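Enquirer: First the structure, which I've put down as structure tokens, then a few questions once you've had a look.
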Amino acid sequence: MASRTSRTVIVGAGAAGLATAEALRAGGFEDELVLLGDELHDPYDRPPLSKQLLSGSWTDDRAVLRTREQLRSAGVAYRPGVRATGLNTAEQALTLDDSASVEYDALVIATGMTPRRLPFGHDLRGVHLLRTMDDLVGLRSELRPDSRVAVVGGGFLGCEIAATCRLLGASVALVEPMELPLRNVIGDDLGALVADLHREHGVAWYLGRSVAGFLSVDGRVSGLRLTDGRELDADVVVVAIGAVPCVEWLDGSGVLLAESGGVRCDEHGRAQDGVWAVGDVAAWYSPRHARWIRVEHRFTANQHAQVVAADILARRPFITTAAAAAEPMVPYFWSDQYDFKLQVHGVPSGAFEVVEGSLDERRFVGLYVDDGRVSAVAGAGMAKALRRWRQAVVDLTPVTDLPGWRSAV
């Protein structure tokens, strides 16, 4: 067992995995640190894929978080193009897709998400996903100012892709099965705002409808058939219908999953003895909400990394001081669409009420109130005010304690 006691393995080289490695080194971790990535690229940031990189306003290298040389200098053994296929927690060993085995003392699961696919059409040329750098290269190579783009899915990713394609001059149709985009995430008021924003920029919405099939000519997509029978012309289709946690390799390992499909962890990111999980794949227990919460946003990756690194370091015998207690973890996410930037702190639930500014002007701060307490705050164009109101989310403030509260919610 001695060979295992000095090695920490992080599976997943995205933002969460990389941030965990760096937080461990910054905290004084001096033992062997292995970072496994299933892509061949240097670790890179995913949010720019749908915006700056797709538009071409950034070169691809601007999204690189750390080069291999930088990782090597930090003492991180980066192994790109390697996928974990199995986990034996009793033996503290990973199985890789090349049949090799890697032993560990501490394991951090940071495998992220894999995009959902439609049950048809992905074999056609012109049908794309957008999750990886390779996906980006394929999609970007086909976009032209005269492209007819159909985006399937009106979530944040689909909306950002639609906005970027419009800015490039392409015509865009956006298909979403809900009656309003994002209503399950940010509610009807902001969902309607997002829908109107895209209409003003020339996007054709097909709400309350799904894709029944693709049209094609000689193996290339030529359009969509919707569930209401309507047919849409399209020479580029982007499927953005969500993603699922990459956990299939954990089958039989004893690592428990939450209802959301993510790795079930306590509030320190521990899934079981010697195993932690961070980022999109992780469902952490939230004492604030008394349930497991999985957040698919970039900022959470850094939050998780700091907490897990501190927990690992505090459990090692040569660390003399434990990490200080952290402020309650409040998720934060944002979305850039055209010149509109929406920012949200917290987990939106309950009724939404604007407390500063105006939705009509798209310059506002609004609160989500659930069971009489502030669950989240959302805003656009009022960054300072949004930061002030964030404290109400941190404190789960009762709305009756808010000065001048005038709502009946």
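Enquirer: Which of the following residues is farther than 19 Å from Leu118 by Cα, in contact (Cβ under 8 Å) with a residue 24 or more places away in the chain and charged (D, E, K, R): Glu176, Glu142, Glu200?
Expert: Matching residue, one of Glu176, Glu142, Glu200: Glu142.
Enquirer: Within the range 58-116, which residues are in contact with a helix residue (DSSP H, G or I) (Cβ under 7 Å, 6 or more places away or on another chain), over 22 Å from Leu40 (Cβ atoms) and not small (Gly, Ala, Ser)?
Expert: Answer for the range 58-116, where residues must be in contact with a helix residue (DSSP H, G or I) (Cβ under 7 Å, 6 or more places away or on another chain), over 22 Å from Leu40 (Cβ atoms) and not small (Gly, Ala, Ser): Leu87, Gln92, Glu103, Tyr104, Asp105.
Enquirer: Of everything in the range 287-308, what is without any contact (Cβ under 8 Å) to a residue 40 or more places away in the chain and of a type in the set (Gly, Ala, Ser)? Give them in sequence order.
Expert: Within the range 287-308, just Ala290 meets the criteria.
Enquirer: Of the residues Gly17, Gly28, Gly12, which single one is exposed (fewer than 14 other Cβ atoms within 10 Å of the Cβ) and either at pLDDT 95 or above or farther than 28 Å from Cys159 by Cβ (or both)?
Expert: Gly28
Results for (1) surrounded by fewer than 17 Cβ atoms within 10 Å (Cβ to Cβ); (2) at pLDDT 95 or above; (3) within 16 Å of Val239 (Cα to Cα), shown as yes or no for each residue.
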| residue | (1), (2), (3) |
| --- | --- |
| Ala106 | no, yes, no |
| Pro115 | no, yes, yes |
| Pro119 | yes, yes, yes |
| Leu157 | no, yes, yes |
| Ile186 | no, yes, no |
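Enquirer: Hey, can you tell me all the residues within the range 147-181 that are in a helix (DSSP H, G or I) and under 24 Å from Glu296 (Cα atoms)?
Expert: Residues satisfying the conditions are Phe156, Leu157, Gly158, Cys159, Glu160, Ile161, Ala162, Ala163, Thr164, Cys165.
Enquirer: Being under 16 Å from Ala195 (Cα atoms) and among the small types (Gly, Ala, Ser) is the filter here; which residues of the range 152-170 pass it?
Expert: Scanning the range 152-170 gives Gly153, Gly154, Gly155, Gly158, Ala162, Ala163.
Enquirer: What single numbered condition from (1) surrounded by 22 or more Cβ atoms within 10 Å (Cβ to Cβ); (2) within 21 Å of the chain's Cα centre (by Cα); (3) at pLDDT 95 or above fails to hold for Leu224?
Expert: Of the numbered conditions (1) surrounded by 22 or more Cβ atoms within 10 Å (Cβ to Cβ); (2) within 21 Å of the chain's Cα centre (by Cα); (3) at pLDDT 95 or above, the odd one out for Leu224 is (2).
Enquirer: Do the conditions hold for Thr85, that is, is it hydroxyl-bearing (Ser, Thr, Tyr) and more than 30 Å from Val236 (Cα to Cα)?
Expert: Answer is yes for this residue.
Enquirer: Is there a residue in the range 310-329 that is closer than 26 Å to Gly379 by Cα, at pLDDT below 90 and within 21 Å of the chain's Cα centre (by Cα)?
Expert: yes
Enquirer: Residue check, Trp284 against (1) within 21 Å of the chain's Cα centre (by Cα); (2) free of Cβ contacts under 8 Å to residues at least 60 places away in the same chain; (3) within 30 Å of Arg148 (Cα to Cα), all met but one. Which one?
Expert: (3)
Yes or no, residue by residue, for (1) in contact with a Phe, Trp or Tyr (Cβ under 7 Å, 6 or more places away or on another chain); (2) closer than 21 Å to Pro145 by Cβ:
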{"site": "Gly191", "(1), (2)": "no, no"}
{"site": "Glu200", "(1), (2)": "no, yes"}
{"site": "Ala204", "(1), (2)": "no, yes"}
{"site": "Ser210", "(1), (2)": "no, no"}
{"site": "Gly213", "(1), (2)": "yes, no"}
{"site": "Ser216", "(1), (2)": "no, no"}
{"site": "Val239", "(1), (2)": "no, no"}
{"site": "Pro245", "(1), (2)": "no, no"}
{"site": "Trp249", "(1), (2)": "no, no"}
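Enquirer: Please find, among Ala77, Ala90, Ala63, the residue that is in contact with a Phe, Trp or Tyr (Cβ under 6 Å, 6 or more places away or on another chain) and either surrounded by fewer than 20 Cβ atoms within 10 Å (Cβ to Cβ) or touching a residue at least 60 places away in the same chain (Cβ under 8 Å) (or both).
Expert: Ala63
Enquirer: Looking at the range 96-130, which of its residues are in contact (Cβ under 8 Å) with a residue 12 or more places away in the chain, among the hydroxyl-bearing types (Ser, Thr, Tyr) and more than 20 Å from Ala243 (Cβ to Cβ)?
Expert: Passing the criteria: only Tyr104.
Enquirer: Among residues belonging to the range 31-55 that are of a type in the set (Asp, Glu) and more than 20 Å from Asp98 (Cβ to Cβ), point out the one that is modelled with the lowest pLDDT.
Expert: Taking the candidates together, the pick is Asp31.
The values are calculated or read from the model by the stated rules, or taken from the named source; none is laboratory data. Fair warning: this is a prediction, and the values are worked out from it, not measured in the lab. As a convention, Cβ positions derive from the backbone with ideal geometry for all residues, glycine included, and neighbour counts pool all protein chains shown.
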